Structures are given as C-alpha cells and as structure tokens.
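The values are calculated or read from the model by the stated rules, or taken from the named source; none is laboratory data. What you see is a predicted model, and the numbers here were worked out from it, not measured in a lab. In this analysis, Cβ positions are derived from the backbone assuming ideal geometry, glycine residues included, and neighbour counts consider all displayed protein chains.
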Amino acid sequence: MRSWARAVVFFAVLGLLASPVGAQEPIRIGVNFEMTGATAAYGQMGWEGIQTIRSMGYDTVLGRPVEVILVDNKSDRVEAANATTRLINQGVVAIIGTMTSGNALAAGPIAEQAGIPIIGPSTTNPLVTQGRTHVFRACFTDNYQAEIAAQFAYENLGARRVAVISDIAQDYTVALGQYFTQAFERLGGQVVVTTYVRTGDQDFTAQLTAVANANPDLLYVPNYYTENALIARQARELGLTQPILSGDGADAPELLEIGGEAVEGLMHTAFWHEEAAVTDLGRQYIETYRRLYNKEPNSFGGLAADAYLMVLHAIEQAGSPDPAAIRDQLEAIHGLEVVTGPVIIENGDAIKPVVIRRVEGGEFRYMTTVYPPELQALASQ
C-alpha cells in the first residue's frame, strides 16, 4: 500500500480510537489530488504538505477534529470530475484540489453546482475561477507569472528574440505560452517561433530544428517537468546553447532526475522557495517538513498547506462548517499569513508573489522574489 494511502487509513483509524464517547463528529475536508499518472509528483508533494501542516497541530477547528479524505484523480480530467462527486457524496464541507489546471476545469463546475467551495493549491490558469463563485486558488495566475517571466527575460536576461515551445495537450501550458508571448511583445521583444509538443512524446527533433533555424536568444518552455526535461536534453544534444526559461510546472525533483546535466542553468518562475520564507509559520513548516521527510520542502507542498489553512481559517471565521459560510469567508481573506507568505483573495484568485529560481549543481537555487503592488501596500500598512 502506498504511503499516502496508509496515511488516509491511519487518520481514519486514529479518529475512531481516540474519540471519546459523545465527541462531536469530525469536520470532513476532501482532497482531490493527482497521486498517480503523468503529474503525480504534484499531488504527492501536495499531500506531504497537508500531512506536514496537520502534524503541527492544525488538525482541529471549532473544537472538532478535522478528517481529511483523499481521492486520487489519476492525473485525468474525467477522474478528477468523478473524484469531486465522490467527495461530495461523503459529506465534505470543502475540497482542496486539484493540483493542475486542466483537472480543475473539470472538477470546479461539479463543486460549484453542489455549493461546495473548492480551492486549487497550484491551479494557475485564469479560466479555473472565471465566472465561478465557489472556486478558489491558493496561487498566482498564469497571466501574472507570464508577465514577470517576460519582464525577467527582457530586462534581466537581455533577450529580444524568443522561441516558445508549449505542450498542446495541456490547457495550462498553452495558456501560459500565450500570456508570455503577449507580455514579451508588449515590452518590445519578438517571439520568432512558436511550436508545440504533446504530453507523452519522446522525440522533439522537428520542433527543435525549427527553433534552431530561428536562432532565438532564449527558449521559453512553459510545460510540466517531464516534457521540459526531455526538451532540454534534446536541445543540448542538437547544439542549442541558449538559456531556457520555464514556468511553475518545472518545479519538481523529477525535472532534475530526468534532465540531468541538460537542465543546469534552467530558470523558472515558482510559487515559493524555502530561502524566501517570510512568516514564522513558514519557517516552522520548513523545519517540520525536513524532520518528517528528510528532504527539502517544495512549493507545491507549501501551497497545499496554504489551501488547507485557508479552509480552516474560513471555517473558524464562519463559526460553522456550513459550505456557504465557508465560501464567504474564503472570499474575505485579506492578508492572512500562511506557509508561503501573506495572501489576499480577490474574486477567487490569490494575490501572491512570484519567485524566480535557477538549477545549479543539480538543485533548485533561489534567485529573487517579485511582489505584486497589493502585497507591497499591505506590507507598508
């Protein structure tokens, strides 16, 4: 049995053994994560984040135990929709998930129709929350991270001609590539070639040959970790030496394992880095995570912990586990300090800083943090 599955059984059994006679019923929160399949790394990191924050004493609210029910969506949109229905049928008052935008676009409408608030830790596509009243995110949006990436490419890296290589099978990657193109061209840069790969492809010779012929200053690859690693390897094998810039999808240890030397120097926008921890809670989380897992924390775990804390905060503020009241209190969050820093919610979207990291020596290294104006104003109050 997988460790995350054992953890679910453990929490359930622990609740049965430890609950005194007459104790109140637990408040149930659903978790709809990609625990297996193509983007399983994100779900597994997210689950570790929730386990970490719960181990720090955040396992009760309103004097009642919090029961977390995990369902694996298998990195699949249909499964993500089915997982949402299963969780709703089990009486959850809120759902954390999914980790990826494509799955969130399938899960969100079902939660919305049922009146259950759902919050994605790392669902960056703006369409996830657009037109929704019960769908939230704990991360920045793609249009904002693309704007920061374009500015970094143009001003810091001096790029004027860029090639964009996006995964046509993923809503997240296509949208992020488009947002980057728009932002980069507004700055005066030129996207000299846009080409597409598909999840699961192994040979990118045709795409990279087109890139080589265009002779760009920079490769922008807004994809998930596997495709990014394979693109980097084959680009270097074909003699392309230009810098590679990516988005938050690159943020997984698997990028380093698959890419090896080829991803050295790769830069990407990210949600968080332990060196950029700005809250006491964030620093405590880092220490706890290291102790539990004997490795460095990651931003996806931190964001999942954020989403969990935001739901607990909303329940506490509402004074009730009523889903409608929880929804209202999630929307009212302004300056709440969570693991990755302070957060403001506006129309379901989280206003968060963007971190830029670089692969050096086989590790993700912190470069800088860019704060949006709203958080800068909050810090000055």
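Worth pointing out:
- Checking 218, 245, 266, 176 one by one, the residue that is surrounded by fewer than 24 Cβ atoms within 10 Å (Cβ to Cβ) and either charged (D, E, K, R) or not assigned by TED's automatic domain parsing to the domain that holds residue 121 (or both) is 218 and no other.
- Any hit, the range 186-203, residues being out of contact with any Cys (no Cβ under 6 Å at 6 or more places or on another chain), crowded, with 17+ Cβ neighbours inside 10 Å and either assigned to a helix (DSSP H, G or I) or without any contact (Cβ under 8 Å) to a residue 24 or more places away in the chain (or both): no
- Check on residue 344, in a strand (DSSP E or B) and surrounded by 15 or more Cβ atoms within 10 Å (Cβ to Cβ): yes
- Flag if residue 318 is in contact with a helix residue (DSSP H, G or I) (Cβ under 8 Å, 6 or more places away or on another chain), crowded, with 24+ Cβ neighbours inside 10 Å and at pLDDT 95 or above: no
- Residue count for the range 240-283, restricted to those that are farther than 18 Å from residue 307 by Cα, of a type in the set (S, T, N, Q) and in a loop (DSSP other than H, G, I, E, B): 2
- The residues of the range 59-98 that are part of a strand (DSSP E or B) and without any contact (Cβ under 8 Å) to a residue 24 or more places away in the chain amount to a single one, 60.
- All conditions in (1) closer than 18 Å to residue 77 by Cβ; (2) in a helix (DSSP H, G or I); (3) of a type in the set (D, E, K, R) hold for residue 132, with the sole exception of (2).
- Taken over the range 36-58, residues that are in a loop (DSSP other than H, G, I, E, B), under 17 Å from the mean Cα position of the chain (by Cα) and either surrounded by fewer than 24 Cβ atoms within 10 Å (Cβ to Cβ) or outside the structural domain of residue 121 (by TED's automatic domain parsing) (or both) amount to 3.
- Selection count, the range 221-235, where residues are surrounded by 18 or more Cβ atoms within 10 Å (Cβ to Cβ) and part of a helix (DSSP H, G or I): 9
- Just one residue in the set 206, 175, 169 is over 22 Å from residue 354 (Cα atoms) and either under 16 Å from the mean Cα position of the chain (by Cα) or in a helix (DSSP H, G or I) (or both); that residue is 206.
- Any hit, the range 221-233, residues being among the basic types (Lys, Arg) and over 30 Å from residue 34 (Cβ atoms): no
- So residue 211, is it over 25 Å from residue 141 (Cβ atoms) and assigned to a helix (DSSP H, G or I): yes
- Residue in the range 320-330 that is under 16 Å from residue 137 (Cβ atoms), small (Gly, Ala, Ser) and part of a helix (DSSP H, G or I) present: no
- Failed item in (1) out of contact with any Phe, Trp or Tyr (no Cβ under 9 Å at 6 or more places or on another chain); (2) touching a residue at least 24 places away in the same chain (Cβ under 8 Å), with residue 349 passing the rest: (1)
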